[in-house]
Amino acid sequence: MTKLKETISLGLILGVFYSLVQPAYSVPVVPNFTQGSMTSTTETKSKVVETINSMDYNTGYQYSATGSGITASGNLSPGTGVNTITIDGVTSTWTGVTSKPSFVQTNPGAAFQFTETYQGPGLSNQTIIQRTTDIDSVTTTTSIFSQ
């Protein structure tokens, strides 16, 4: 009987041990549905900051004189030549007006009109535009599926 008890005990121990070391098998999961839907929403926010700097340069000079009730003395064309200037150790040289015609009133005390303009070379206009653009984008996607 002792042998029988030892054999049964050994068999139980081996049975328990065998059940512990057995590989586990999984059962495949198959979705069981007939229809459904899924909705996804994506929201994107961005900020664009930009500076636009536009500069206009004159590469020569412009001179004009107009009026009524005045008389020009001498040549109507201005004299041109090389002009030089030094500012803080930086020397610039350009061709521009060096002399201009003289104008006198035709009848002193009478009505007259006179306009004289001169624009030399260099920066004539600078435009700076600073702008910020906020961009908000929302995308919603809905998927509908059925079996």
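The values are calculated or read from the model by the stated rules, or taken from the named source; none is laboratory data. Everything quoted here is computed from the prediction, not taken from an experiment. Note that each Cβ is placed from the backbone with ideal geometry, even for glycine, and that neighbours are counted across all protein chains shown.
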Residue selected from segment 44-72 under the condition among the hydroxyl-bearing types (Ser, Thr, Tyr) and touching a Pro at 6+ places or on another chain (Cβ under 7 Å), by the criterion surrounded by the fewest Cβ atoms within 10 Å (Cβ to Cβ): 59
Segment 33-54: number of residues that are more than 23 Å from residue 132 (Cβ to Cβ), of a type in the set (Val, Ile, Thr) and part of a strand (DSSP E or B): 3
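Is there a residue in segment 55-71 that is assigned to a strand (DSSP E or B) and at positive phi?
Yes, segment 55-71 has at least one match.
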Conditions (1) of a type in the set (Phe, Trp, Tyr); (2) out of contact with any Ser or Thr (no Cβ under 9 Å at 6 or more places or on another chain); (3) modelled with pLDDT of 75 or more: number failed by residue 17: (3)
Filter pass, residue 92 being assigned to a strand (DSSP E or B) and modelled with pLDDT of 85 or more: no
Residue identified as farther than 30 Å from residue 36 by Cα, part of a loop (DSSP other than H, G, I, E, B) and either at pLDDT below 90 or aromatic (Phe, Trp, Tyr) (or both) among 76, 123: 76
Filtered residue count, segment 100-121, keeping only those that are under 30 Å from residue 57 (Cα atoms) and exposed (fewer than 12 other Cβ atoms within 10 Å of the Cβ): 3
Looking only at segment 105-144, and only at residues there that are over 30 Å from residue 45 (Cβ atoms) and of a type in the set (A, V, I, L, M), the one that is nearest to the chain's Cα centre (by Cα): 123
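Scan segment 101-118 and give yes if some residue there is acidic (Asp, Glu) and free of Cβ contacts under 8 Å to residues at least 24 places away in the same chain, otherwise no.
no
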